[in-house]
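First comes the structure, then the notes that go with it.
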Amino acid sequence: MACRQLWASRAASYLRISVFNRAFSSVVKDLKYADSHEWVKVDGNSATVGITDHAQDHLGDVVYVELPEVGTEVTQGGGFGAVESVKATSDINSPVSGKVVEVNEELNSSPAKVNSSPYEDGWIIKVELSDSSELSNLMDSEQYSKFCEEEDSKH
């Protein structure tokens with residue numbers, strides 16, 4: 001069933017048809033979301049960042065992820081890397097400000113983890129937060145789901 005649904009959503013995105021139930025299955029409750037389609041999971045002073053299922057679905061098969069160096073300062077809304085797919089290259093913006101303390105080296109050899117597991121194995125960086133109040137600028141899962149529906153309906 002999941003395989004058929006995945007095939008249907010791939011076919012639908014190829015044909016630019018929206019699959020209604022797709023938007024709801026691709027948002028994780030406890031995360032915060034940026035309008036540029038990155039997610040952040042906060043644990044104390046540490047934040048894990050990746051791109052959303054919605055973003056990877058629109059990008060298509062990811063072939064390369066440009067990672068920043070550990071120690072790089074990132075700012076909320078500022079770019080820190082890129083995701084390259086068979087269709088396009090897309091900048092990755094940080095949903096939070098702080099210092100990069102870890103990068104997902106596995107993406108160098110397995111960039112497709114961004115597609116297969118955007119919220120788990122496909123995380124991109126971990127940041128030491130410099131200003132946790134910025135989290136209030138981000139969307140919760142419900143707001144992000146609505147945002148994606150509205151964005152998709154414009155295309």
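The values are calculated or read from the model by the stated rules, or taken from the named source; none is laboratory data. Predicted, not measured: the structure shown is a model, and the values here were computed from it. Every residue, glycine as well, gets a Cβ built from its backbone with ideal geometry; the counts of neighbours run over all protein chains shown.
Checking each residue in the stretch 122-155 for being in a helix (DSSP H, G or I), closer than 14 Å to His58 by Cα and either touching a residue at least 40 places away in the same chain (Cβ under 8 Å) or in contact with a helix residue (DSSP H, G or I) (Cβ under 8 Å, 6 or more places away or on another chain) (or both) picks out Cys148, Glu149, Asp152, Ser153. Within the stretch 42-60, being polar (S, T, N, Q) and closer than 26 Å to Asp131 by Cα holds for Asn45, Ser46, Thr48, Thr52. Scanning the stretch 4-25 for residues that are among the small types (Gly, Ala, Ser) and either in a helix (DSSP H, G or I) or at pLDDT 95 or above (or both), we see that the one that is surrounded by the most Cβ atoms within 10 Å (Cβ to Cβ) is Ala23. Consider the stretch 122-145 and keep the residues that are surrounded by 15 or more Cβ atoms within 10 Å (Cβ to Cβ) and hydroxyl-bearing (Ser, Thr, Tyr). The one that is farthest from the chain's Cα centre (by Cα) is Ser130. For the residues Val28, Val42, Val101, the requirement of being more than 16 Å from Ile125 (Cα to Cα), among the hydrophobic types (A, V, I, L, M, F, W, C) and surrounded by fewer than 22 Cβ atoms within 10 Å (Cβ to Cβ) singles out Val28. For the stretch 92-116, filtered to residues that are of a type in the set (S, T, N, Q), in a helix (DSSP H, G or I) and touching a residue at least 24 places away in the same chain (Cβ under 8 Å), the residue that is farthest from Tyr144 (Cα to Cα) is Asn108.
Residues of the stretch 60-98 that are buried (at least 18 other Cβ atoms within 10 Å of the Cβ) and among the hydroxyl-bearing types (Ser, Thr, Tyr): Ser85, Ser90, Ser94, Ser97. Evaluating Tyr119 against the criteria (1) touching a Phe, Trp or Tyr at 6+ places or on another chain (Cβ under 7 Å); (2) crowded, with 22+ Cβ neighbours inside 10 Å; (3) among the aromatic types (Phe, Trp, Tyr); (4) in a loop (DSSP other than H, G, I, E, B) leaves one unmet condition, (2). Report yes if some residue within the stretch 101-113 is over 21 Å from Lys32 (Cβ atoms), in contact with a Phe, Trp or Tyr (Cβ under 9 Å, 6 or more places away or on another chain) and modelled with pLDDT under 95; otherwise report no. No, there is no match, as no residue in the stretch 101-113 is over 21 Å from Lys32 (Cβ atoms), in contact with a Phe, Trp or Tyr (Cβ under 9 Å, 6 or more places away or on another chain) and modelled with pLDDT under 95.
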